[in-house]
1. For an R0 of 22 angstrom, estimate the FRET efficiency from the Cβ-Cβ distance between residue 56 and residue 160 and round to the nearest 0.05.
2. In nm, give the distance between the simple-model label positions of residue 129 and residue 289, each being 7 Å from the Cα along the Cα-to-Cβ direction.
3. In degrees, nearest 10, range 0 to 90: what is the angle between the Cα axis of helix 113-122 and the longest Cα principal axis of the chain?
4. Nearest 5 is fine: what % of DSSP beta bridges in the chain come out antiparallel, could you say?
5. Which one is right for this structure if P(r) over Cα pairs in 20 Å bins from 0, in percent is calculated from it: (1) 33, 57, 10, 0; (2) 29, 48, 22, 1; (3) 30, 61, 9?
6. 7 Å from Cα along Cα→Cβ at both residue 233 and residue 75: what's the point-to-point distance in nm?
7. For residue 17, what is the net charge nearby, where nearby means another residue's Cβ is under 12 Å from its Cβ and Lys, Arg count +1, Asp, Glu -1?
8. Give me the angle, in degrees from 0 to 90, between the Cα long axis of helix 35-49 and the longest principal axis of the Cα atoms of the chain, rounded to the nearest 10.
Amino acid sequence: MDRKTAINLRHLRVFIAIVEAGNFTRAAERLLLSQSSLTVTMRQLEAELGVSLLQRTTRQVQITSDGERFLTEAKRIVREFDQLITTTRLSASQLSGTVRIAVLPSVAIRLLPEFIRDFRGRHGDISIVLRDDNARGLHRQVRDGEVDFGISNKWFDYPELEYVPLTQDQFGLVCRRDDPIASAGTPVSWYDIDPERLFLLAPDTGVHVALHGAPELESLLTTTAGEVLVMVTLLEMVRVNLGVTVLPKLAAPGPGDPDLEFHPLSNPVLHRDLCLIRRRNEPLSTSARRVWEALEARIPRAIA
C-alpha cells in the first residue's frame, strides 16, 4: 500500500474535532459518528504517522507536542480544501441555477409543495431539489456541503452552522377518532396521556430531540410503550389501536385522515422551532439566496 496516500481528510477532521471538543463523546456527537469509529480512525492516523498525537484519560484527551505541530498543518489543509469545495460548488450552483435543500419529511410534504409551485412561476430559471432526511442526516448534509441549506429544528448546536428561525408548530396528541382520551371534547393535557400507551419517534429524529429538550416532560417520557424510527410505522401502530403518539402539527395526519385526529396539547404548550440552516460564514449562491429570502417572506411564523 502506498503509505503516502493512507491518511485522508477524514483522519484530519476526526483529529481536529477531538482536540476542539476535549473528549471523544462530544467529538462523536459533532461528527455524527460513533465513539468506536473515532477510536479506530485515531489509531489508524497515529499508526501511519508513527507518533502519538493524543494522551487519553477516562474523561478527556490532551494533545501531545507532536499533536500540536500536526494540528496546525491539519487545520490549514482542511480549511483550504473546504474553501476549494465551497468555491467550486458556488460556481456550479450559479451556473446551473439549481438549489439543493435538505428538509425533514414533514416539511417536504406539508410546507413546501405550494411554495415551490409559486416560486417556479416567478423564477423559472431556478430549479429546487429537495433531499428529505431525518434530523441527524439533514445536519450532516448541510455540514458536509451536500446541499445549499436545510430546514429543521436543531439536532445539535454545531458551531460551524448558522440557525435562522423560520417557523414553529405546536405539539399535539395523535390518536384514533374513537379513542376515549379525546372523546370528551375538552382540551387535552400532556398529563392526560398514559405513558404506557405512548409511542414516540426514535432518537435519530428532530421530534425526539425537541421532546426530550423539555424538562417538564421528563417524568412522562421516562417509561413509554416504545420508540419507532419510521413515521409510517408509528402512525400505523396508532391506527390499529396499540396506543397514541405526540407529533408537531406539520408531522401529524391532516383533517382528512379517516382514522386519526390531532389535538393540540397544553400544560405545557410545546413547540418545535424550525430553522433555516446554513454553513456559517459561507456565502449562498445567488439562486440559493433567492430561495432562502422567499422562504423567509412566504412561510408564516407559526403554523396555525
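1. That gives a FRET efficiency of 0.30.
2. 2.2 nm
3. The two axes meet at around 70 degrees.
4. So the antiparallel bridges amount to about 60 percent of the total.
5. The value matching this structure is (2).
6. Output for this residue pair reads 4.3 nm.
7. Every neighbour counted, the sum reads +3.
8. Compared with the principal axis, the helix lies near 10 degrees.
The values are calculated or read from the model by the stated rules, or taken from the named source; none is laboratory data. Remember, it's a predicted structure, so these values are computed and weren't measured experimentally. Please note: Cβ atoms are built from the backbone with ideal geometry, for glycine as well, and neighbour counts cover all protein chains shown. Only protein heavy atoms, including side chains, enter the accessible area calculation; ligands, DNA and RNA are left aside. Shrake-Rupley method; radii C 1.70, N 1.55, O 1.52, S 1.80 Å.
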